[in-house]
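The values are calculated or read from the model by the stated rules, or taken from the named source; none is laboratory data. Every value quoted in this text rests on a predicted model; they were computed, and no experiment measured them. Ideal geometry is used to build each Cβ from the backbone, glycine not excepted, and the neighbour counts take in all protein chains shown. Areas reflect the complete protein model, heavy atoms only, side chains present, ligands, DNA and RNA absent. Shrake-Rupley method; radii C 1.70, N 1.55, O 1.52, S 1.80 Å.
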Amino acid sequence: MGTKVGLPRAMFYYDYFPLWKSFFNNLGVEVVVSPKTNKDILNRGVNACVDESCLPIKVFHGHVDYLKDKADYIFIPKLISIYKKEYNCPKHLGLPDMVKHSIKGLPKIIDTEVNLKKSDRALKKAIIESGRYFEKSNRRILKAFYDALKQYEDYLKMMTTGAIPLSIQGENGDMDTMKNIIKKDNNRRILILGHSYNVYDQYINMELVKKLRNFKFDVITAEMVEEKKAREYVKELPKRMFWTHGQRIVGAAYSLIEEESISGIIYVSAFGCGLDSVFIDLIERKAKKAKIPFTLLTIDEQTGEAGINTRVEAFTDMLDWRLKDESNISTLR
Ligand code: SF4
């Protein structure tokens, strides 16, 4: 049996899974992905983690715990900075250490540090460090990565045509193509915002996309807006946005609000998330000016589905009323 690398289906999985999978596969390594989040995984995470952690961090621990006896290595990079002069949440960069501290009996953790804050050159070092576990030749490691990157760029392009990253949730981590058909009717299009792991993990957001589709609304997400465009729009802020996820989330929201191509915004936020409180404030103000209804769904491990259903139903009802009567403006929050 060949060497196996475990990829927890949580946190940055939702941003980088296709890239990481191809990279390891190109090095001849088998990739094992934990299943979609479920009750067992959540319980494992809640038990392993300190109470103060936000929900996605607990979920991440659950996925690692699931994988610990199913792979020879688990890939948990320390993502300090993935863009020049930008940062990630401190909890992102603390992930490998938190996990090692909280979960016993782990296989070897590949915790390569990625810090591109000062320059992109550090990327090459991180790639070689991650590939070194399986391949001696630097040239072959870099080739494996840049080949994977080419495929990943195609995947990113595909998302801007409306294929949403739910597609990377195939049972075996396959990129099955679940298309989100974007129709021309802007009046029935809701933008779901939040960190990718809250928007695309359908267990923790209680199948929000499905619920909205049942109410006959289209769904659009930040990842469907071209990154370059989102980054352009975020420049209108008086201060530079130095959180990478903020560039993506706030920029995408601003562009869609200004283009008048959405009828409402639902922000999914983990209870206690400091970054979200900043992003939410910026987006809510902008939405208010443009008279676009905005609502916030806060999630933690105690969140009940009935509460989410009520809010989603009230929000979509309100959008329906607005379609009939333009002066009907949201008071929801
Ligand atoms: S950005 Fe927010 S939700 Fe994400 S890990 Fe940090 S605190 Fe948790």
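Residues in segment 263-272 that are among the hydrophobic types (A, V, I, L, M, F, W, C) and either open to solvent by less than 10 Å² (accessible area, probe 1.4 Å) or more than 12 Å from the ligand (Cβ to nearest atom) (or both): Ile265, Ile266, Val268, Ala270. If you go through segment 29-77 and keep only what is among the hydrophobic types (A, V, I, L, M, F, W, C) and more than 16 Å from the ligand (Cβ to nearest atom), you end up with Val29, Val31, Val32, Val33, Ile41, Leu67, Ala71, Ile74, Phe75. Residue under question is Leu275, and the condition is that it be surrounded by 17 or more Cβ atoms within 10 Å (Cβ to Cβ), more than 13 Å from the ligand (Cβ to nearest atom) and in contact (Cβ under 8 Å) with a residue 60 or more places away in the chain; does it hold? Considered against the rule, which asks whether it is surrounded by 17 or more Cβ atoms within 10 Å (Cβ to Cβ), more than 13 Å from the ligand (Cβ to nearest atom) and in contact (Cβ under 8 Å) with a residue 60 or more places away in the chain, Leu275 comes out as no.
Taken over segment 247-262, the criterion of being surrounded by fewer than 21 Cβ atoms within 10 Å (Cβ to Cβ) and among the small types (Gly, Ala, Ser) is satisfied by Ser255, Ser261. Do we find a residue being away from the ligand (no atom under 16 Å from the Cβ), among the aromatic types (Phe, Trp, Tyr), assigned to a helix (DSSP H, G or I) and open to solvent by less than 50 Å² (accessible area, probe 1.4 Å) anywhere in segment 300-320? There is at least one residue in segment 300-320 that is away from the ligand (no atom under 16 Å from the Cβ), among the aromatic types (Phe, Trp, Tyr), assigned to a helix (DSSP H, G or I) and open to solvent by less than 50 Å² (accessible area, probe 1.4 Å). Here is the figure for segment 184-203: residues that are over 20 Å from Thr161 (Cα atoms), open to solvent by 10 Å² or more (accessible area, probe 1.4 Å) and part of a loop (DSSP other than H, G, I, E, B) total 2.
Residue-by-condition table, conditions (1) open to solvent by 20 Å² or more (accessible area, probe 1.4 Å); (2) farther than 27 Å from Asp317 by Cβ; (3) assigned by TED's automatic domain parsing to the domain that holds Cys54; (4) in a strand (DSSP E or B):
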position	(1), (2), (3), (4)
Asn205	no, no, no, no
Val209	no, no, no, no
Tyr233	yes, yes, no, no
Lys288	yes, no, no, no
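Being away from the ligand (no atom under 13 Å from the Cβ) and either farther than 22 Å from Lys4 by Cα or surrounded by fewer than 20 Cβ atoms within 10 Å (Cβ to Cβ) (or both) is a property that Lys100 has. Across segment 258-277, the number of residues qualifying as in a loop (DSSP other than H, G, I, E, B) and over 12 Å from Asn198 (Cα atoms) comes to 6.
Residues in segment 48-65 that are in contact (Cβ under 8 Å) with a residue 40 or more places away in the chain and either on the phi > 0 side of the Ramachandran plot or assigned to a helix (DSSP H, G or I) (or both): Ala48, Leu55, Pro56, Ile57, Lys58, Val59, Phe60, His61, Gly62, His63, Val64. Could you please let me know if Lys91 is more than 18 Å from Trp20 (Cβ to Cβ), within 16 Å of the ligand (Cβ to nearest atom), open to solvent by less than 80 Å² (accessible area, probe 1.4 Å) and not hydrophobic (A, V, I, L, M, F, W, C)? Answer is yes for this residue.
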